[in-house]
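Below you'll find the structure, written out as C-alpha coordinates, and then a few comments.
The values are calculated or read from the model by the stated rules, or taken from the named source; none is laboratory data. Predicted, not measured: the structure shown is a model, and the values here were computed from it. Positions of Cβ are backbone-derived with ideal geometry, glycine not excepted, and every protein chain shown enters the neighbour counts. Ligands, DNA and RNA are stripped out before the accessible areas are found, and what is left, the full protein with its side chains, is counted by its heavy atoms. Shrake-Rupley method; radii C 1.70, N 1.55, O 1.52, S 1.80 Å.
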Amino acid sequence: MTVRVRLFASARECAGCATMDLALPAPMSVGALIREVSARGGAELAKVLAAPGTRVAVNQELVEVDHPVRDGDEVAILPRVTGG
Amino acid sequence: MHRDVRVEEADFDVSRELAALRQAIGGSAGAIVAFCGVVRERHDMAEVDELFLEHYPGMTERSIEAILDRAGERWNLDAVRVLHRVGRLAARDQIVLVLVASAHRTEAFEACEFVMDYLKTDAIFWKRESRAGDVHWIAPTGADQRRRDTWREERG
(Lines give C-alpha, C1' and ligand atoms only; values in the text may rest on other atoms or scores of the structure.)
Protein backbone atom coordinates (compact mmCIF):
# COMPACT_ATOMS: atom_id res chain seq x y z
CA MET A 1 0.00 0.00 0.00
CA THR A 2 1.04 3.62 -0.48
CA VAL A 3 0.79 6.03 2.42
CA ARG A 4 1.56 9.75 2.51
CA VAL A 5 3.23 10.83 5.74
CA ARG A 6 3.05 14.54 6.57
CA LEU A 7 5.50 16.03 9.02
CA PHE A 8 5.12 19.28 10.90
CA ALA A 9 7.28 21.70 12.84
CA SER A 10 10.31 20.08 14.51
CA ALA A 11 9.50 16.71 12.91
CA ARG A 12 9.55 18.34 9.48
CA GLU A 13 12.86 20.05 10.17
CA CYS A 14 14.51 16.91 11.52
CA ALA A 15 13.34 14.83 8.56
CA GLY A 16 14.32 17.52 6.10
CA CYS A 17 11.02 17.18 4.28
CA ALA A 18 7.34 17.96 4.80
CA THR A 19 6.02 14.78 3.19
CA MET A 20 7.13 11.20 2.65
CA ASP A 21 5.30 8.91 0.22
CA LEU A 22 5.97 5.40 1.47
CA ALA A 23 5.30 2.01 -0.08
CA LEU A 24 4.55 -0.28 2.83
CA PRO A 25 3.29 -3.81 3.40
CA ALA A 26 -0.32 -4.12 4.54
CA PRO A 27 -1.64 -4.49 7.15
CA MET A 28 0.26 -2.05 9.29
CA SER A 29 -0.59 -0.25 12.50
CA VAL A 30 0.14 3.41 13.15
CA GLY A 31 2.69 2.34 15.77
CA ALA A 32 4.56 0.21 13.24
CA LEU A 33 4.44 3.03 10.70
CA ILE A 34 5.97 5.43 13.23
CA ARG A 35 8.79 2.94 13.86
CA GLU A 36 9.33 2.74 10.09
CA VAL A 37 9.47 6.54 9.73
CA SER A 38 11.73 6.71 12.77
CA ALA A 39 14.16 4.24 11.25
CA ARG A 40 14.28 6.10 7.95
CA GLY A 41 14.44 9.61 9.33
CA GLY A 42 17.44 9.54 11.64
CA ALA A 43 18.11 9.99 15.36
CA GLU A 44 16.80 13.55 15.66
CA LEU A 45 13.47 12.63 14.08
CA ALA A 46 13.25 9.54 16.28
CA LYS A 47 13.58 11.79 19.35
CA VAL A 48 10.72 14.01 18.21
CA LEU A 49 8.54 10.99 17.46
CA ALA A 50 9.18 9.57 20.92
CA ALA A 51 8.71 12.88 22.74
CA PRO A 52 5.72 13.34 25.06
CA GLY A 53 2.86 15.13 23.40
CA THR A 54 3.66 13.91 19.89
CA ARG A 55 0.42 12.71 18.28
CA VAL A 56 -0.63 11.05 15.05
CA ALA A 57 -3.61 11.85 12.82
CA VAL A 58 -4.88 9.64 10.01
CA ASN A 59 -6.89 11.56 7.43
CA GLN A 60 -7.02 14.45 9.89
CA GLU A 61 -8.47 12.44 12.77
CA LEU A 62 -6.37 11.80 15.88
CA VAL A 63 -5.69 8.08 16.37
CA GLU A 64 -4.00 5.69 18.78
CA VAL A 65 -0.96 3.57 17.88
CA ASP A 66 -3.03 0.45 17.22
CA HIS A 67 -5.09 2.16 14.50
CA PRO A 68 -4.74 0.33 11.15
CA VAL A 69 -3.23 2.29 8.28
CA ARG A 70 -4.84 1.77 4.85
CA ASP A 71 -3.79 2.34 1.27
CA GLY A 72 -4.10 6.01 0.37
CA ASP A 73 -4.21 7.26 3.97
CA GLU A 74 -2.61 10.54 4.94
CA VAL A 75 -0.75 10.06 8.23
CA ALA A 76 0.35 13.24 9.98
CA ILE A 77 3.04 13.42 12.65
CA LEU A 78 2.06 16.20 15.04
CA PRO A 79 4.69 17.24 17.59
CA ARG A 80 3.34 18.76 20.81
CA VAL A 81 1.44 21.85 19.71
CA THR A 82 2.37 25.30 20.91
CA GLY A 83 -1.24 26.46 20.65
CA GLY A 84 -2.50 29.67 19.14
CA MET B 1 -24.88 30.26 16.67
CA HIS B 2 -23.05 31.83 13.75
CA ARG B 3 -19.54 30.34 13.74
CA ASP B 4 -16.66 31.35 11.49
CA VAL B 5 -12.98 30.37 11.48
CA ARG B 6 -10.29 31.65 9.15
CA VAL B 7 -6.61 30.73 9.23
CA GLU B 8 -4.50 32.72 6.81
CA GLU B 9 -1.29 34.67 6.35
CA ALA B 10 -2.90 38.01 5.51
CA ASP B 11 -3.32 40.63 8.19
CA PHE B 12 -6.83 41.51 9.34
CA ASP B 13 -8.67 44.76 9.92
CA VAL B 14 -10.53 44.62 13.21
CA SER B 15 -13.07 47.27 12.17
CA ARG B 16 -13.90 45.47 8.98
CA GLU B 17 -14.28 42.11 10.74
CA LEU B 18 -16.46 43.66 13.41
CA ALA B 19 -18.68 45.26 10.77
CA ALA B 20 -18.95 41.95 8.91
CA LEU B 21 -19.96 40.17 12.12
CA ARG B 22 -22.60 42.76 12.93
CA GLN B 23 -23.95 42.34 9.40
CA ALA B 24 -24.19 38.58 9.88
CA ILE B 25 -26.04 38.59 13.19
CA GLY B 26 -29.51 39.76 14.14
CA GLY B 27 -30.47 42.55 16.46
CA SER B 28 -30.65 40.38 19.56
CA ALA B 29 -26.93 40.73 20.35
CA GLY B 30 -26.39 43.59 22.76
CA ALA B 31 -22.75 42.79 23.42
CA ILE B 32 -19.81 42.15 21.12
CA VAL B 33 -16.41 41.43 22.67
CA ALA B 34 -13.22 41.55 20.62
CA PHE B 35 -9.83 40.15 21.63
CA CYS B 36 -6.74 40.83 19.54
CA GLY B 37 -3.48 38.95 20.15
CA VAL B 38 -0.27 40.68 19.11
CA VAL B 39 3.39 39.61 18.87
CA ARG B 40 5.03 41.22 21.88
CA GLU B 41 8.13 43.32 21.56
CA ARG B 42 10.19 42.50 24.63
CA HIS B 43 12.76 44.97 25.86
CA ASP B 44 14.06 42.86 28.74
CA MET B 45 15.88 40.55 26.39
CA ALA B 46 16.80 40.38 22.76
CA GLU B 47 13.84 41.29 20.61
CA VAL B 48 11.90 38.60 18.84
CA ASP B 49 13.22 38.88 15.30
CA GLU B 50 10.52 36.68 13.87
CA LEU B 51 7.71 34.42 14.94
CA PHE B 52 6.80 31.67 12.48
CA LEU B 53 3.42 29.97 12.86
CA GLU B 54 2.80 26.62 11.22
CA HIS B 55 -0.52 24.82 10.95
CA TYR B 56 -2.14 21.73 9.40
CA PRO B 57 -4.63 23.07 6.84
CA GLY B 58 -8.03 21.56 7.52
CA MET B 59 -7.23 20.02 10.87
CA THR B 60 -6.25 23.32 12.46
CA GLU B 61 -9.51 24.96 11.44
CA ARG B 62 -11.47 22.00 12.82
CA SER B 63 -9.57 22.15 16.11
CA ILE B 64 -10.67 25.78 16.46
CA GLU B 65 -14.25 25.00 15.40
CA ALA B 66 -14.39 22.36 18.14
CA ILE B 67 -13.42 24.99 20.70
CA LEU B 68 -16.09 27.38 19.41
CA ASP B 69 -18.69 24.61 19.57
CA ARG B 70 -17.78 24.02 23.23
CA ALA B 71 -18.21 27.72 23.92
CA GLY B 72 -21.60 27.62 22.19
CA GLU B 73 -22.71 24.71 24.37
CA ARG B 74 -21.67 26.50 27.52
CA TRP B 75 -23.03 30.00 26.83
CA ASN B 76 -25.91 31.34 24.83
CA LEU B 77 -24.07 33.07 21.99
CA ASP B 78 -25.21 34.71 18.81
CA ALA B 79 -21.87 34.45 17.02
CA VAL B 80 -18.21 33.56 17.45
CA ARG B 81 -15.57 34.38 14.88
CA VAL B 82 -11.86 33.57 15.00
CA LEU B 83 -9.23 34.83 12.59
CA HIS B 84 -5.78 33.37 13.17
CA ARG B 85 -2.71 34.29 11.19
CA VAL B 86 0.05 31.93 10.20
CA GLY B 87 3.40 32.35 8.50
CA ARG B 88 6.11 34.85 9.35
CA LEU B 89 5.21 37.53 11.86
CA ALA B 90 7.26 40.32 13.40
CA ALA B 91 7.02 42.12 16.73
CA ARG B 92 3.82 44.18 16.99
CA ASP B 93 2.08 42.20 14.25
CA GLN B 94 -1.47 41.07 14.90
CA ILE B 95 -1.75 37.30 15.40
CA VAL B 96 -5.34 36.44 16.30
CA LEU B 97 -8.78 38.02 16.52
CA VAL B 98 -11.63 36.54 18.53
CA LEU B 99 -15.06 38.14 18.23
CA VAL B 100 -17.97 37.02 20.40
CA ALA B 101 -21.52 38.35 20.17
CA SER B 102 -24.29 37.58 22.66
CA ALA B 103 -27.36 39.17 24.15
CA HIS B 104 -25.49 40.35 27.23
CA ARG B 105 -21.92 41.18 28.12
CA THR B 106 -21.32 38.54 30.83
CA GLU B 107 -21.56 35.69 28.33
CA ALA B 108 -19.57 37.56 25.71
CA PHE B 109 -16.65 38.33 28.05
CA GLU B 110 -16.55 34.85 29.56
CA ALA B 111 -16.87 33.03 26.25
CA CYS B 112 -14.13 35.15 24.67
CA GLU B 113 -11.76 34.34 27.54
CA PHE B 114 -12.70 30.65 27.30
CA VAL B 115 -12.00 30.59 23.57
CA MET B 116 -8.59 32.22 24.02
CA ASP B 117 -7.63 29.94 26.91
CA TYR B 118 -8.45 26.88 24.80
CA LEU B 119 -6.84 28.33 21.68
CA LYS B 120 -3.60 28.64 23.64
CA THR B 121 -3.51 24.93 24.45
CA ASP B 122 -5.70 22.93 22.10
CA ALA B 123 -5.53 24.65 18.70
CA ILE B 124 -3.21 22.94 16.25
CA PHE B 125 -0.42 25.46 15.71
CA TRP B 126 3.31 25.32 16.15
CA LYS B 127 5.32 28.47 16.80
CA ARG B 128 8.99 28.89 16.02
CA GLU B 129 10.70 31.86 17.56
CA SER B 130 13.85 33.49 16.19
CA ARG B 131 15.58 35.69 18.73
CA ALA B 132 19.14 37.04 18.32
CA GLY B 133 20.18 34.12 16.15
CA ASP B 134 18.59 31.44 18.36
CA VAL B 135 15.78 29.53 16.68
CA HIS B 136 13.55 27.16 18.60
CA TRP B 137 10.05 25.67 18.55
CA ILE B 138 8.02 26.94 21.49
CA ALA B 139 6.74 24.42 24.01
CA PRO B 140 3.32 24.99 25.58
CA THR B 141 3.52 26.64 28.98
CA GLY B 142 2.29 25.07 32.18
CA ALA B 143 0.57 28.36 32.96
CA ASP B 144 -1.57 28.10 29.82
CA GLN B 145 -2.50 24.48 30.64
CA ARG B 146 -3.50 25.39 34.19
CA ARG B 147 -5.51 28.34 32.97
CA ARG B 148 -7.41 26.16 30.52
CA ASP B 149 -7.99 23.58 33.25
CA THR B 150 -9.72 26.11 35.49
CA TRP B 151 -12.65 26.10 33.05
CA ARG B 152 -13.16 22.44 33.92
CA GLU B 153 -13.78 23.48 37.51
CA GLU B 154 -16.86 25.32 36.29
CA ARG B 155 -15.30 28.72 36.85
CA GLY B 156 -17.56 30.25 34.23
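So the label point goes 7 Å from the Cα of A:K47 along Cα→C-beta, right? Which residues of region B:129-149 then have their backbone N under 16 Å from it?
Inside the label zone: B:135-139.
So what does B:E9 come to for accessible area, using a 1.4 Å probe and Å² rounded to 10?
Accessible area of B:E9: about 130 Å².
Quick one: work out the % antiparallel among DSSP beta bridges in the protein assembly as shown, nearest 5. Show your work: numbers first, answer last.
Values: 42 of 53 bridges.
Close to 80 percent.
Ignoring ligands, DNA and RNA, what accessible area per residue does chain A give at 1.4 Å, in Å²?
Here the residues of chain A average 48 Å² of exposed surface.
Can you put B:H136, B:H84 in order of accessible area, largest first, using a 1.4 Å probe?
Most to least solvent-accessible, the answer reads B:H136, B:H84.
With an 8 Å cut-off on Cα pairs and a minimum separation of 6 or more residues, tell me the relative contact order of chain A in percent.
Relative contact order for chain A comes out at 41 percent.
Rounded to the nearest 10 Å², what accessible area does A:S38 have for a 1.4 Å probe in the complete protein model?
30 Å²
Let me spell out the model: positive unit charges on the Cβ of Lys and Arg, negative unit charges on the Cβ of Asp and Glu, origin at the Cα centre of chain A. What dipole size does that give, in debye rounded to 20?
The calculation lands at about 240 debye.
For A:L24 and B:A10, FRET efficiency with R0 = 25 Å and r from the beta-carbon atoms, rounded to 0.05? Present the calculation step by step, with values, prior to reporting the outcome.
On the way: r = 39 Å, r/R0 = 1.54.
Here the calculated transfer efficiency is 0.05.
Between helix B:105-122 and chain B, what is the angle of the helix's C-alpha long axis to the longest principal axis, kept within 0 to 90° and rounded to the nearest 10?
Approximately 40 degrees, to the nearest ten.
With both bridge residues required to lie in region B:38-156, what share of the DSSP beta bridges run antiparallel, to the nearest 5%?
100 percent
Could you give each residue of region B:52-59 its phi-based ³J(HN,Hα) in whole Hz, using Karplus coefficients 6.51, -1.76, 1.60 with θ = phi - 60°, and x for Gly or Pro?
Karplus values, whole Hz, x for Gly and Pro: 10, 10, 10, 9, 10, x, x, 6.
Residue by residue through region A:34-45, which ³J(HN,Hα) values in whole Hz follow from phi under the Karplus form 6.51 cos²θ - 1.76 cosθ + 1.60 (θ = phi - 60°), with glycine and proline marked x?
Each residue of region A:34-45 in turn: 4, 4, 5, 5, 4, 5, 7, x, x, 5, 5, 5 Hz.
Using the Cα centre as the reference, give the magnitude of the dipole from point charges on the C-beta atoms of region B:63-137 (Lys, Arg: +1; Asp, Glu: -1; all else neutral), rounded to the nearest 20 debye.
420 debye
Could you work out the local net charge near B:W126, counting Lys and Arg as +1, Asp and Glu as -1, over the other residues with Cβ closer than 10 Å to its Cβ? List each step's numbers first, then the result.
Working: positive: A:R12, A:R80, B:K127, B:R128; negative: B:E54.
After counting each charged neighbour, the total is +3.
Assign unit charges at the C-beta atoms only (+1 for Lys and Arg, -1 for Asp and Glu), then state the dipole size of region B:12-156 relative to its Cα centre in Debye, rounded to the nearest 20.
100 debye
Ignoring ligands, DNA and RNA, how do B:K127, A:K47, B:K120 rank by accessible area with a 1.4 Å probe, largest first? Please report the intermediate quantities before stating the final value.
Details: B:K127 20, A:K47 130, B:K120 60 Å².
Most to least solvent-accessible, the answer reads A:K47, B:K120, B:K127.
Under the rule of -39500 (n - 2.57) per DSSP H run of 4 or more residues, summed and divided by the residues of the protein assembly as shown, what mean residue ellipticity at 222 nm is obtained, to the nearest 500 deg cm²/dmol?
The helix contribution divided over the protein assembly as shown gives -10500 deg cm²/dmol.
For the modelled label position 7 Å from the Cα of A:A39 along Cα-to-Cβ, which residues of region A:15-29 have backbone nitrogen atoms closer than 15 Å?
So the set is A:22-29.
Around B:V7, with a cut-off of 12 angstrom between Cβ atoms, what is the net charge of the other residues, counting Lys and Arg +1 and Asp and Glu -1?
-3
Which residue, B:G26, A:M20, B:F109, has the largest displacement toward the positive end of the dipole of the protein assembly as shown when charges sit on each Cβ (Lys, Arg +1; Asp, Glu -1)?
B:F109
Against the longest principal axis of chain B, how steep is helix B:14-24, in degrees 0 to 90 to the nearest 10, with axes from Cα atoms?
Once rounded, one gets 30 degrees.
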